Amino acid sequence: MTGSGYRGRFAPSPTGDLHAGSLLAALGSWLFARRAGGRWLVRIEDVDTPREVPGAATRQLHALRAFGLHADEPVVRQSDRSPLYRAALEDLADRGLAFPCWCSRTDLAATGGVHRACVRAPDPDRSPAIRLRVAAGTRVRFDDDLLGPQLQDVDAEVGDFVLYRADGLWAYQLAVVVDDAEQGITHVVRGADLLDSTPRQILLQRALGLPTPGYAHLPVVVDDEGRKLSKSLASNPVDFADPLPALDRAWGALGQDALQHSDADTVTAWLARAVAAFDPAKIPRAATRP
Ligand code: GLU
């Protein structure tokens, strides 16, 4: 069962309860891993402490268990992993690839938020952010397993990006890259809302000499008005007291044909049927409804 070498993961931020979009990412990443005979890990991405909702991580883990989605290894929390992020940051800084920056958001407004050169002098009274230097003309291409060839001009569209925030918090981009590599993740399956972060993560992997996993971005789940569901808006928390209907909806949002099952089924039986029937070719390439 676990001999394939495939290692996938689900990495929720504890900013609210699991909603239809996060269940889709959890189930989708689990299905890809199980179909490949691989392992599936869970990581709590709790570096952005101001956005954290107390108790949300515990409730998310409880919900995953209720849906029968059990991690194959102990759950890790980013809040325990600062030494790993610090080592990576120091490595980049030592090689001149990362630099301190005192520019504010307002300073960058004139360039559409894109940082190419500092407009602020060092200020000994304020902590700087640390950014990755993105060389002029840097473009990143990758093949998404679902969405096909992708190209981003990281220099023009993103610029030098933050690895360590001026408020003393690790940036998502650095933490996710360090963790995916440290946990040996071979395949990242997640929502398409993160598609435009992937080129930054690939650049960071290259800068740190880390392997680039495969990427598959699942459709974003939208509400009836076409707005993305967001945990932080507490929209549509999934009802894990009655898991089968929510699993059926997530399965449908993944474009899969309805599974024959009775309401008396256990989630384990449902998931076993789902793995056998799962067909990635049916996953919609555009936004989907729960
Ligand atoms: N923590 C991110 C989120 O909840 C997901 C990160 C990822 O899958 O790379 O949106």
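The values are calculated or read from the model by the stated rules, or taken from the named source; none is laboratory data. This structure is a prediction, so every number in the text was calculated from the model and none was measured. Heads up, the Cβs are rebuilt from the backbone with ideal geometry, glycines too, and the neighbour counts pull from every protein chain shown. The area values use the complete protein model at the heavy-atom level, side chains included, leaving out ligands, DNA and RNA. Shrake-Rupley method; radii C 1.70, N 1.55, O 1.52, S 1.80 Å.
Using the structure shown, decide if residue 3 is away from the ligand (no atom under 13 Å from the Cβ) and open to solvent by 50 Å² or more (accessible area, probe 1.4 Å).
yes
Being open to solvent by less than 60 Å² (accessible area, probe 1.4 Å), free of Cβ contacts under 8 Å to residues at least 60 places away in the same chain and more than 15 Å from residue 115 (Cα to Cα) is the filter here, so list the residues in the range 137-149 that pass it.
Scanning the range 137-149 gives a single hit, 148.
Among 163, 174, 203, 195, which is in a helix (DSSP H, G or I), under 23 Å from residue 15 (Cα atoms) and out of contact with any His (no Cβ under 6 Å at 6 or more places or on another chain)?
174
Please go through the range 118-136 and pick out each residue that is touching a Gly at 6+ places or on another chain (Cβ under 7 Å) and open to solvent by less than 60 Å² (accessible area, probe 1.4 Å).
Within the range 118-136, 134 is the sole residue that qualifies.
Looking at 79, 22, 29, which one is under 14 Å from residue 179 (Cβ atoms) and of a type in the set (Ser, Thr, Tyr)?
Testing whether each residue is under 14 Å from residue 179 (Cβ atoms) and of a type in the set (Ser, Thr, Tyr) leaves just 79.
Within the range 20-67, take every residue that is touching a residue at least 12 places away in the same chain (Cβ under 8 Å), away from the ligand (no atom under 12 Å from the Cβ) and basic (Lys, Arg) and give me the one that is nearest to residue 171 (Cα to Cα).
59
Does residue 116 count as touching a Phe, Trp or Tyr at 6+ places or on another chain (Cβ under 6 Å) and at negative phi?
no
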